[in-house]
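Right, one structure below, let's go through it.
The values are calculated or read from the model by the stated rules, or taken from the named source; none is laboratory data. Note that this is a predicted model, so its numbers are computed, not measured. Methodologically, a virtual Cβ is constructed for each residue, glycine included, from the backbone with ideal geometry; neighbour enumeration extends over all protein chains shown.
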Amino acid sequence: MIVLKFFFRVILKKTPIFLFIFTIFFFSIVLGSSFFNQLTITNISRQISIDAPIAIGQAIVLISGGIDISVGAVMAMSAAIVIGTQSLGTVVSIFLALLFGVLVGCINGLLVTKGKIVPFIATLGTMSVVRGLVLVYTDQKAIMGTIPGFEFLGSGSVGFIPTPFIFAFLILMIFHNVLTKMRIGRNFFAVGGDLDNAFLAGIPIFRSRFIPYVISSSLASVSGILLASRLNSANPQIGIDTALASIAAAIIGGASLLGGRGSVFGAFLGVATLGTLSTGMNLLGITTYFQIGIKSLVFICVVVIDALIVRRAISFVKDSG
Amino acid sequence: MYFNSKRFLLNFDSRGSLKFKVIKIVRDQIALILLLIMIIAGSQLSDVFLSSKNLLNIVWAVSVLGIVALGQCMLIIACRFDMSVAYSIGLCGVVMVVIQNAGVPWVTSVLVGVFVGLLVGALNGLICVGTNANPFLVTLGTGTLIYATSLSITRSKTVYTPFDDFTDIGRGKLFGVVHYSVLIFLFLAIMLELLLRYSKFGRSLFVIGLNEKVGKLSGFSVNRIVLGAFLICGFTVSIASFIVTSRNGSTVANVGLGLEFESIIAVVLGGTSLFGGSGGALRTVVGVLVLGVLNNLLILMNVQTEVQQIIKGAIFLLIVWLDISLRSKS
Amino acid sequence: MTDEKLLEMVNISKGFSGIQALDNANFELHRGQIHALMGANGAGKSTLIKILCGVYQPDSGIFKIDNKVISIKNPFEAQKNGIAYVPQEIAVQPYMTVAENIFLGKQPTRNFQIDFKEMSDKAQQVLDDLGIDVSVNKLGINLSIAEKQLITIAKVISAESKILIFDEATSALTLSDTDKLFRIIRRLKQKGLGIIYVTHRMEEIFQLCDWVTVFKDGKFISDSAIKDINLKQLIRNMIGREVATERRQGSTNDKRDPTLSKERLSIANLCVPGILQDITFSVKAGEVLGLAGLVGSGRTELLRAIFGDLPFSEGTIKIDGKAVKITNCTQAINEGIALVPEDRKAQGLILNFSLKKNISMTILDKLKRFGLINSKSEAVLANSTLEMLNIKFRTIEQTVSTLSGGNQQRVVLGKWLVTNPKILLVDEPTRGVDVSAKSDIHNVLLDLAKNDMAIIVVSSELGELLQVCEKVLVLNRGRIVAELLTKNTSTHEMMELATGESTTRE
């Protein structure tokens, strides 16, 4: 059974949609109608809409050849800011939260490009600092929101579609367009795929490596805002495993740790798969601990498979005779 | 041909020019310099700081981190990381206490705990070596897996040791003077330093960290050496786990939260480069002491723990940036 | 071919920390001309090209394009001045289509969005124009090497291109790929472009080019029309007159009973797909065997294969008559093989390590006492090795990066000699080494041979092979094409065999 699962992961990793369908299929069979009903689907889509923007941002960073593990921390801080500054009005608090995300993104971008620090290390550092900020700001406690109506963003629905899903979908469409149809997006692929080649083609290297970090942090902010709205509160435990989950989702969606490839649609499907997995496990009554275990196994497998596939791809691509 | 995207050239041309000599000295002894600065600052800021009680306390407080940092140091010299230490320290302790509660004498339980630590090291090492995946991410993954395991064993609760004398080592002092934990820390540091300087294995860690290709071409078995480094790290984590569990008389799954980050900071502060190929166990001790003094100072100045984390994160980035600027060819 | 001078480079000089790469060199290119640029390694060809492409600036000299004096400061200015360069190492964005690769960074847009249809059409047009037959929708990762090269041409050529430079374009191509490439180059010639074709392959020069310029040691030697020159003359220009080079006088095994000198190393039918084919030879104890050939002929790869650094698909290796299995360097070292690699800085030495540590690296096991490395033994070893090899040093603790090239090379030798190898493989023993160190190293090799070591030397300096070796194998495109006795051959003969057509076709 485990061997089969592993085998499937190997084959299907390249096609996230099959993986997604497989997961739904699997849980539908095992759980029957308790899984495949409107409530569950709505719940899943609500959860996906919180995680999707981050995974999309992570995919973009991975495509450009980097990685961002500070996204969970930024998400938590933005949630805290948007709740904590509610007294200044909803619009202002959202603006401040977004601003924070942009700021951290700029710092990450500078550390990696000008500071020449390896992306893991740079974002590890900012993650630590931001986590500290969250603890300071929230005083290590959960903080509660006080404005009604703010909940609409996270918990409301337009018809049967949850509001956050609309946001997530919009973000998906926008960035899909950027990555596939705009030069700026194609440049992300170029610098991640072959840096020297990109340089010689006249592509602006600094910009193309800097902007993805700003995007990923900003999207992490968006997720934080949506989550804060849904919970109507914020606490320091937010986003603890988000960074790894977003990386897994992005890689399932076709991104690689070596850069140059990936897709936001794929990342979205990756989030959907992981979200379905979570919900399915919940419905099966699997304990939280076991769930964390499964998720980390998925992460490890994803990273390992990426390494094994990428190794073959490298020898092919760099082959110049 | 046109654009050398290899950013880090370890071709450090020290042709004896004064500027390079000074930079080299600063880089190598940065930890000691920092330590001195902070001790001086500390003595100014507080009367209690220089008291022997306080200083000994500092060393006692950091010995757990210190032992973990020693293991981390081995890996960093060979250009790898272990991000699972924060959680494996929990698992080793949990296993120790749980089997103690099942009637196993505590000495045996410690041996089992060490075995668990080695097992974790082997797991990390085999995956990294076998698949060539990024050790950073792999160990982040295994760390979370280990965390899940500890949580499920303890059901997120604290587990207590049933043996009174189990806490003797963690809390006790030899001849009533020096804490056992400090002695163990220093002993491990000396052993590992000897390993690094005088054994073939230690030498090969540096070789691999500096130029893995040369290592391979010179007959070093890179896979075996990296695996060995992971095993050592697993071992040190298990010892650290023993001490902290013994000290507290209990343990909980998240006892080591933040340890992975702190151990890397301590190693880098001590002068070991994140690029591999340089550093040492004694230097890491200094780096750990620097962190210890820093913690102490911050506490004496009544800085909250959360702010401390921010400061440490900022220092980390600063040190890493310094490391890079001092190492890239001009 | 017209008489319009497209490019004129006059008295160009360029030096790098003591080495004069170009010394008052000249080069002239006309419109509609396919002009070969030839010369041995280090002759200055690539420096000249890099100057043209704006990567380097000349120390002195001028160059003109279309009779206007130009100075090119970076690759982008080069492009603007109509210079297009097709590098030897072809790189293509793996996950983008051919069309997008061609227009990388310059994709046509409409309303801020890339107009894929237009890009595709334009790409198709460019390919048709050039006569290239590749689908515009293929992904970079799915292209063959030849196809990657062709679309690189499509990419670097623009409306303003006047000069197109090819750098060892055919090293990775099959014969039919090469034919296709040549057809395209001729087409470009019809359009009036001037083409600079850098190559080692004589038959290609005669097949494709109109004109050939020869460089040697950074100096301009000759330029002539292809129809006015022949192979022997070309080689003579490239390596100079056959000086009465000192030859290796006799060999270690001369005075011995032939049946007593045993075969140390024997290789049979060694194959590395795409690089080496059917390599069979043997080396006796005390023999120094040379490997001659062009860059890319497989010499370095052969040494690496013997040393376990390059896996081979077929073939056997026998040492002292016994078949051995070598799949990694540790096994090779245990069998008594040592390799002094081509790039001493990146593969031979740990630059940040001291002399002592570099030398002891290979035999740390033998320096142990009670399981730990004995520093005294290590120091003694280092001192004696350094002295034996006549290396100038201050202290064994000094970093090896502080030594000169010649001394560094000797340290690498020393590091391997301490393992007491039976078989010593040396790749470019005196590259970047000054004259006195050179003869020192040669003497060391000859001494080692006298003491029964089997030695294989790879060198691009053919004279060096004549001085040190008693036998030379010539490699050409992965095959051994000749086995020569140095006392009976010449550098010209070796070069002819190295650059001539392979006797077998693919």
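Between B:Arg171, B:Arg155, the distinction of being more than 14 Å from chain A (Cβ to nearest Cβ), surrounded by fewer than 22 Cβ atoms within 10 Å (Cβ to Cβ) and not hydrophobic (A, V, I, L, M, F, W, C) belongs to B:Arg171 only. Scanning region C:319-363 for residues that are assigned to a strand (DSSP E or B) and touching a strand residue (DSSP E or B) at 6+ places or on another chain (Cβ under 7 Å) yields C:Ile319, C:Ala323, C:Val324, C:Ile337, C:Ala338, C:Leu339, C:Val340, C:Ser354.
The sole residue among B:Ser238, B:Ser263 that is more than 30 Å from C:Ser360 (Cα to Cα), more than 14 Å from every other protein chain (Cβ to nearest Cβ) and crowded, with 24+ Cβ neighbours inside 10 Å is B:Ser238.
If only one of C:Ile165, C:Ile157 is surrounded by fewer than 22 Cβ atoms within 10 Å (Cβ to Cβ), β-branched (Val, Ile, Thr) and touching a residue at least 40 places away in the same chain (Cβ under 8 Å), which one is it?
C:Ile157
With respect to C:Ile19, determine if the residue is away from chain A (no Cβ under 14 Å) and without any contact (Cβ under 8 Å) to a residue 24 or more places away in the chain. Taking the combined requirement at face value, the residue satisfies it.
Among the conditions (1) within 21 Å of A:Ala245 (Cβ to Cβ); (2) crowded, with 23+ Cβ neighbours inside 10 Å, B:Asn134 misses just one, which is (2).
Of A:Val71, A:Val102, all but one fail to be under 29 Å from A:Gly145 (Cα atoms), under 20 Å from the mean Cα position of the chain (by Cα) and surrounded by fewer than 20 Cβ atoms within 10 Å (Cβ to Cβ); the exception is A:Val102.
Flag: B:Lys216 matches the condition of being farther than 16 Å from B:Met74 by Cβ and basic (Lys, Arg). Summed over region C:448-465, the residues that are crowded, with 20+ Cβ neighbours inside 10 Å and of a type in the set (S, T, N, Q) give a count of 1. If you take the residues of region C:58-76 that are more than 27 Å from C:Leu173 (Cα to Cα) and in contact with a helix residue (DSSP H, G or I) (Cβ under 7 Å, 6 or more places away or on another chain), which of them is surrounded by the fewest Cβ atoms within 10 Å (Cβ to Cβ)? Among those residues, the one meeting the criterion is C:Pro58.
Those residues that are in a loop (DSSP other than H, G, I, E, B) and buried (at least 24 other Cβ atoms within 10 Å of the Cβ), I need them from region B:241-254; list them, please. Scanning region B:241-254 gives a single hit, B:Ala253. Here is the figure for region C:339-351: residues that are under 18 Å from C:Leu386 (Cα atoms) and in contact with a Phe, Trp or Tyr (Cβ under 7 Å, 6 or more places away or on another chain) total 1. Within region C:278-285, is there a residue that is surrounded by fewer than 20 Cβ atoms within 10 Å (Cβ to Cβ) and within 14 Å of C:Asn476 (Cβ to Cβ)? Looking for residues that are surrounded by fewer than 20 Cβ atoms within 10 Å (Cβ to Cβ) and within 14 Å of C:Asn476 (Cβ to Cβ), one finds at least one in region C:278-285, hence yes. Can you find a residue in region A:251-272 that is under 21 Å from A:Gly57 (Cα atoms), facing another protein chain (nearest Cβ under 9 Å) and without any contact (Cβ under 8 Å) to a residue 12 or more places away in the chain? Taking every residue of region A:251-272 in turn, none turns out to be under 21 Å from A:Gly57 (Cα atoms), facing another protein chain (nearest Cβ under 9 Å) and without any contact (Cβ under 8 Å) to a residue 12 or more places away in the chain.
Scan the strands (runs of 3 or more DSSP E) fully inside region C:190-243 and keep the ones with 2 or more residues being surrounded by fewer than 21 Cβ atoms within 10 Å (Cβ to Cβ) and under 22 Å from the mean Cα position of the chain (by Cα).
By residue number, C:219-225.
Those helices (runs of 4 or more DSSP H) of region B:148-229 in which at least 2 residues are under 23 Å from B:Met96 (Cβ atoms) and touching a residue at least 40 places away in the same chain (Cβ under 8 Å), considering only elements entirely within it, cover B:167-171, B:180-198. When we screen C:Asp210, C:Asp254, C:Asp217 for residues that are of a type in the set (Asp, Glu) and at pLDDT 90 or above, the only hit is C:Asp210. Counting only strands (runs of 3 or more DSSP E) that sit wholly inside region C:417-504, not one has at least 1 residues that are closer than 21 Å to C:Phe307 by Cα and without any contact (Cβ under 8 Å) to a residue 24 or more places away in the chain. Of all the listed residues (C:Val156, C:Val92), the sole one being closer than 26 Å to A:Arg261 by Cβ and in contact with a Phe, Trp or Tyr (Cβ under 7 Å, 6 or more places away or on another chain) is C:Val156. If I filter region A:109-123 for residues that are away from every other protein chain (no Cβ under 12 Å), closer than 29 Å to B:Leu140 by Cα and within 20 Å of the chain's Cα centre (by Cα), do I get at least one hit? The answer is yes; a qualifying residue exists. Selection of region C:304-341 for residues being closer than 15 Å to C:Asp427 by Cβ and within 11 Å of another protein chain (Cβ to nearest Cβ) yields C:Arg304, C:Phe307, C:Gly308, C:Asp309, C:Cys329, C:Ala332, C:Ile337, C:Ala338, C:Leu339, C:Val340, C:Pro341.
This table checks each residue for (1) in contact with a Pro (Cβ under 8 Å, 6 or more places away or on another chain); (2) closer than 26 Å to B:Glu212 by Cα; (3) buried (at least 21 other Cβ atoms within 10 Å of the Cβ); (4) within 14 Å of chain A (Cβ to nearest Cβ).
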residue	(1), (2), (3), (4)
B:Met96	no, no, yes, no
B:Gly103	no, no, no, no
B:Leu119	no, yes, no, no
B:Cys128	yes, yes, yes, yes
B:Ala148	no, no, yes, yes
B:Tyr160	no, no, no, no
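Among the residues of region C:165-177, some residue qualifies, meaning at least one is within 24 Å of C:Gln88 (Cβ to Cβ), in the same structural domain as C:Pro87 (by TED's automatic domain parsing), of a type outside the set (D, E, K, R) and part of a helix (DSSP H, G or I). Restricting region A:185-211 to residues that are within 14 Å of C:Glu100 (Cβ to Cβ) and more than 8 Å from chain C (Cβ to nearest Cβ) leaves a set whose member that is surrounded by the fewest Cβ atoms within 10 Å (Cβ to Cβ) is A:Gly185. Residues in region A:216-247 that are part of a helix (DSSP H, G or I) and either within 14 Å of chain C (Cβ to nearest Cβ) or surrounded by fewer than 21 Cβ atoms within 10 Å (Cβ to Cβ) (or both): A:Leu231 only. The residue list A:Thr138, A:Thr126, A:Thr163 contains one member that is crowded, with 18+ Cβ neighbours inside 10 Å, more than 7 Å from every other protein chain (Cβ to nearest Cβ) and over 21 Å from the mean Cα position of the chain (by Cα), which is A:Thr138. Only residues that are within 29 Å of B:Ser150 (Cβ to Cβ), at pLDDT 90 or above and β-branched (Val, Ile, Thr) were counted across region B:266-286, and they come to 3. Restricting C:Ser375, C:Ser384 to residues that are at the interface with chain B (Cβ under 10 Å from one of its Cβ atoms), out of contact with any strand residue (DSSP E or B) (no Cβ under 8 Å at 6 or more places or on another chain), surrounded by fewer than 19 Cβ atoms within 10 Å (Cβ to Cβ) and of a type outside the set (A, V, I, L, M, F, W, C) narrows the list to C:Ser375. A count restricted to region C:77-104 and to residues that are surrounded by fewer than 16 Cβ atoms within 10 Å (Cβ to Cβ) and in a loop (DSSP other than H, G, I, E, B) stands at 1.
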